[in-house]
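First the structure, in the form of C-alpha cells, and then the observations on it.
Throughout, read-outs are computed from the coordinates displayed, never taken from laboratory work. Since we're looking at a predicted model, the values are computed, not measured. Backbone-built Cβ (ideal geometry, glycine too); neighbour counts: all protein chains shown.
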Amino acid sequence: MRNVMRATLLGAACAAALASSAPWALAQSGVPEVVELRLTGVVDPFTADYVQGGIEAAVAEGAAAVLLTIDTPGGLDSSMRQITKAILNSEIPVIGYVSPQGARAASAGTFILLACNVAAMAPATNAGAAHPVGLSGAIVSEKATNDAAEYIVSIAEARGRNAEWAERAVRDSVSASAEELLRIDVIDLIAPNERALLDDVDGRPVEVAGGRTVTLRTAGASIQPRDMGLGARILHTLLSPDFAFIFFYLGIGLIIIELLHPGLSVPGILGIICLVGAFVTFGLLPVQLIGVALLLASALFFLLELKHPGLGLPTAGGVACLILGGLLLFNPSVPNAQVSLWVILPVAGFLVLFFSTVVNAALRARRLPPAAGTKAMIGLEGVVERDLGPEGVVLVSSEQWSARSVAGTLPRGTRVRVVGVDRLTLDVEPIREQAPAMPGPEGGNP
C-alpha cells in the first residue's frame, strides 16, 4: 500500500513539473520563436486586423517576440490606433523594423514604429511626416493636429524616446533618415537585416503590458512569418495610389459606356463600384483637393467629347487635366504616396484611344435609323471616299463608314449601294447606270 501511495505521489509530482515547464518547452529546446508580421502599403482596416490578430496569436503560442517589419506611406488614423493599442498592450515584446533599404515609416507608420518596444531601421530608410492630412492636402483641423501631437508624444514618452522630435513630426511634418533618428534618440538601433537585428537586441530588457520587464532572448531565434489571409491581402493590395487612380478612370469609362447604351446596367454598376473603391482609397491616403478637382475636370472634358467626337480640344484638355491630376493627387510631403508616372501615361493613352475609336463608333451606331438599326442602311446609296480594294471608306447619309466591296476594286468617286451590314462595316456594290429607253417609230410603242 505504501509503495502504491509513493508511486501515486511521484506521478503527481512529475505531472506538476511537466505542467509548470510547458510554457518553457520552446526555451528548453534552445530555439526561441519570433513571429514575423509585415506591415506594407496603406495602413487600413485589413492590416490593422492582421497585425492585432498576429500579436494575439503570438502571445497565445508563447513566442519570444513579434518582429513587425514596416514599409508604409501612412493610412487611416483609426487603423493606426488599433495597431498601436495592440502593440502597447502586448504581453510579449514587439520589435519594429523599417525594412528593407529604401522603405519608410511615414505618417501613421511613425506612430506604429515609436509604439514598439524596440524601434529599429535598416540603412537608407526614413520616418516622419506624421502630420494629419485631409482632403485639402493641408491641415485637417487644429483640433485634429493637437490630438495627433498629444498622442504621439504620449507614445514617445512611454517608450523613453525623443518626444520633442515626435511632436515636430506631427506639427511640422518633419522627416529624417535612420542615421539622424538614431543620433537624436528616436530609434534604438540600425541593423542591416533581420538576423543581425535579432542578434543585436538579444539580452535587452524591455517593458511589456502590465509593467512587467522582459529580457529579449532572440539570438539564433527561429523566425516564423505569418501572412495576411488571401482575401484580405487582395483587398489590401488594391488600396494603393496607383489602383485608386486606375479605378477612378475605369469607373468613369464604364459609366460612359452605360450612358452610351442605357439599359445594360452591368457597366454602370461596375463603374459605381470602381468609383466607390477609388474614393475609399482617397480617404486612406493624403489626397489633395486640387488633384481630385483636376481628375473630375478631365472627366468632364472627356464627356464633352461625346458631343463633339474626334480628337478635338475636349480630348486635349482631358488628357492635360488627367496627367496633372495624377501628379498632384497626393500630398508630396508623404514619401512615395504618389501615383506612378508609368501608370498615368498608359491610362492617358488608353483614354485617347478609347474616345477616338470605341466612343466614336458607338455614337455613330446610335445615329443609325432607330427602326431597324444597321439593317436600315441596306438599300441606301453613297459614294466611295477611299478606294475599295476591296475595303475602304464610303460616304452614306453624310457619314463616313468602313466598307467592303462585293464587286472587286472600286475607285474613289464611284457611286455605290449598301447591300449588307457586318457590325459597323457596310457591304456595297456599284450602281450600274441604266441606258434610257428607246422610243418606238412615229411615237408608237417600242
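Quick notes on this one:
- Selection from A106, A166, N146, by position along the positive dipole direction of the stretch 100-191 (Cβ): A106
- When the trypsin sites (Lys or Arg not before Pro) in the stretch 182-225 are filtered for DSSP coil states and for at most 11 other beta-carbon atoms within 10 Å of their beta-carbon, the remaining sites are R212.
- Amide proton proximity set for I223, modelled H, under 5 Å, gap of 5+: V34
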